[in-house]
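Here's the structure we're looking at; comments come further down.
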């Protein structure tokens, strides 16, 4: 599913690992900075000096822009801060990737989105207000939840969680862990990768393999 | 002496780099204009028309009417109540020149800075990276609909400016100078040729493309520092103005010289 071969950058020296499809992985880095750099390399944002990166057995850094877009439409990434688009309202943020890639109408995604927000512990009475807001002033955990729901609506084969539970209350952390684990089991063959530098924060994630960098 | 020469040389090289970048962005936008068929991109296009075009209508109308009053007052002082001559001068000034030029200047001041700052801050906040990892090309989603939206807005606003300037000017003279409104309107229509309207619309189309390309390019040129955003906005305004005046001169020379 993900394969890194001899990746050398300013921050990594001949880094290699392989993540197999259908499993749950924890990738534990040494710092938040290293987290970001690793994700940049995997997600096609920073070309390594040496080495190759494969996603779904396709080499990321030789693909054209169009092929990359097709490839990443199969990946759901939940960034640490949600990775939301500041000039789009919350609802527009949530439906954007699914609307863009599948052509599904936003109103058809409403029911599923509400269900996911319920699972994340967001009050239904607050949801309507939340959907019409711009993401900038929202609290950290809400941005994270919005990013998570957005990725889930895409029904991706590969989910990558960047520090998903860091900085959250234990209750919220448990809720998100359960949500992501349930989501993993919803579709056979789905791969879930938890990238974090704080292993404790994902202690409740039942991973098949833990990779320590 | 060497330093001055070096500075001039560097500026010329930079200018060519910018022009090359603008040309590439223009070609990319034209090549991918069919992306507007996709609903999420079309929604950005509509929003851009709303923010750049519709929200500017009242300001363009107010400036158009004021300019129309100033020009027609000067014309009447110069030629008296000669309706045909008044119409001709009004067309020479408003339709041929001021309509597209003022609409472009208003859009540069209002939207050029906004777009370059918005795109610049999206780059700094790594929102363009967020789009990439969702499999959305930021050029397709952010640039193409903005270029199309701004161009359409400038095109329509220029025409609107001309109508407001002429109507406002004529209304003012008919109320305060007791000159017959309909007679002057007839004078304008008799002096108006389709060629002048076409050149005026062509100018606004070119200005719209220039403003949108320069603003988007400068916004996207921001890398990672927040201090680059105001610099990009300033460059967007100055270079848009400069290019608009250059192309205005070129089109006027080719069409009317």
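Read-outs throughout are calculated quantities, based only on the coordinates presented, and are distinct from any laboratory measurement. These figures come from a predicted structure and were not determined experimentally. A quick note on method: Cβ atoms are made from the backbone with ideal geometry, for glycine too, and the neighbour counts reach across all protein chains shown.
A few points about this structure:
- Taken over the range A:7-52, the criterion of being part of a strand (DSSP E or B) and farther than 19 Å from residue A:63 by Cα is satisfied by A:8, A:15, A:16, A:17, A:18, A:19, A:24, A:25, A:26, A:27, A:28.
- Subset of the range A:22-55 (residues that are more than 17 Å from residue A:161 (Cβ to Cβ), touching a strand residue (DSSP E or B) at 6+ places or on another chain (Cβ under 6 Å) and crowded, with 18+ Cβ neighbours inside 10 Å): A:48, A:51, A:53
- Taken over the range A:127-144, the criterion of being in contact with a helix residue (DSSP H, G or I) (Cβ under 8 Å, 6 or more places away or on another chain) and more than 17 Å from residue A:111 (Cβ to Cβ) is satisfied by A:132, A:133, A:134, A:135, A:138, A:141, A:142, A:144.
- Residues in the range B:117-155 that are surrounded by fewer than 20 Cβ atoms within 10 Å (Cβ to Cβ) and more than 14 Å from chain A (Cβ to nearest Cβ): B:152 only.
- Counting only helices (runs of 4 or more DSSP H) wholly contained in the range B:1-97, the ones carrying 1 or more residues that are crowded, with 16+ Cβ neighbours inside 10 Å and under 17 Å from the mean Cα position of the chain (by Cα) occupy B:2-31, B:39-48, B:57-79.
- Considering A:94, A:122, the condition of being within 17 Å of residue A:179 (Cβ to Cβ) and either within 14 Å of chain B (Cβ to nearest Cβ) or in contact with a strand residue (DSSP E or B) (Cβ under 8 Å, 6 or more places away or on another chain) (or both) is satisfied by A:94 alone.
- Test: residue B:189 is touching a helix residue (DSSP H, G or I) at 6+ places or on another chain (Cβ under 8 Å), surrounded by fewer than 16 Cβ atoms within 10 Å (Cβ to Cβ) and in contact (Cβ under 8 Å) with a residue 12 or more places away in the chain: yes
- Of residues in the range A:57-72 being within 16 Å of residue A:39 (Cα to Cα) and out of contact with any strand residue (DSSP E or B) (no Cβ under 7 Å at 6 or more places or on another chain), the one nearest to the other protein chains (Cβ to nearest Cβ): A:72
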